[in-house]
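Data block below; observations after.
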Amino acid sequence: MKIDSFKIDAKDNSINAGASFGYVEVSNGLINYEDKEIQTFVLAHEVAHIVTLKQANIFNLEGAIPKGTITNDYKKSEFLADLIAFHFINLQENKTSKALANKLATLETLLGSETFTHPSGKNRIKQLTTYLENCKIENNEKVFKEMFLQIWQLE
């Protein structure tokens, strides 16, 4: 799937972005944010939303995120986009990945509190920390696939 449209919301000064099928919008606040590693993660996270279902197809999973009784589809989508983003950065931009790993507390604050559609920053960082720790002892690809499947199957 390709990105057909990329827009900047000039009126939004928060550190924010959004994505849908083929569409990414970033806030003016994100554009002006001075932390390049955080910017990279946020953008990679949004692009990851677009590829989540394609990645599921690679793993021979169903074409839609399965509903959970505790973790709803929206929250699973956020966990998956975080994982895909961090995995991509970890594989392609190792220096950025290491710098970002040292900024998880900042990222947790930016991710904020739990809402109906988003897990708390604390829970999201917990997942990313697990990924990073497991990558130290196992193959990154294996860790990614195992965690992707684990998130996909959350109840």
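The values are calculated or read from the model by the stated rules, or taken from the named source; none is laboratory data. Values in this document were obtained by computation on a predicted structure and should not be read as measured data. All Cβ positions, glycine included, derive from the backbone under ideal geometry; neighbour counts span all protein chains shown. Just the protein is used for accessible areas: all its heavy atoms, side chains included, with ligands, DNA and RNA removed. Shrake-Rupley method; radii C 1.70, N 1.55, O 1.52, S 1.80 Å.
Quick notes on this one:
- Residue within the stretch 11-23 that is hydrophobic (A, V, I, L, M, F, W, C), free of Cβ contacts under 8 Å to residues at least 60 places away in the same chain, closer than 20 Å to K75 by Cα and exposed (fewer than 14 other Cβ atoms within 10 Å of the Cβ) present: yes
- Every pair of residues 6+ apart whose Cβ atoms lie under 6 Å, when the first sits in the stretch 107-121 and is over 15 Å from L83 (Cα atoms) while the second is of a type in the set (G, A, S) and open to solvent by less than 40 Å² (accessible area, probe 1.4 Å): G112/G121; S113/S120; E114/S120
- Residue count, the stretch 80-96 (criterion: within 22 Å of K54 (Cβ to Cβ) and either open to solvent by less than 10 Å² (accessible area, probe 1.4 Å) or not hydrophobic (A, V, I, L, M, F, W, C) (or both)): 11
- Options K75, K54: the member that is within 22 Å of K145 (Cβ to Cβ), open to solvent by 60 Å² or more (accessible area, probe 1.4 Å) and assigned to a helix (DSSP H, G or I): K54
- Of all the numbered requirements in (1) of a type in the set (A, V, I, L, M, F, W, C); (2) without any contact (Cβ under 8 Å) to a residue 60 or more places away in the chain; (3) open to solvent by less than 90 Å² (accessible area, probe 1.4 Å), I137 misses one, and that requirement is (3).
- Of all the numbered requirements in (1) more than 21 Å from L43 (Cβ to Cβ); (2) surrounded by 14 or more Cβ atoms within 10 Å (Cβ to Cβ); (3) touching a Pro at 6+ places or on another chain (Cβ under 9 Å), E114 misses one, and that requirement is (3).
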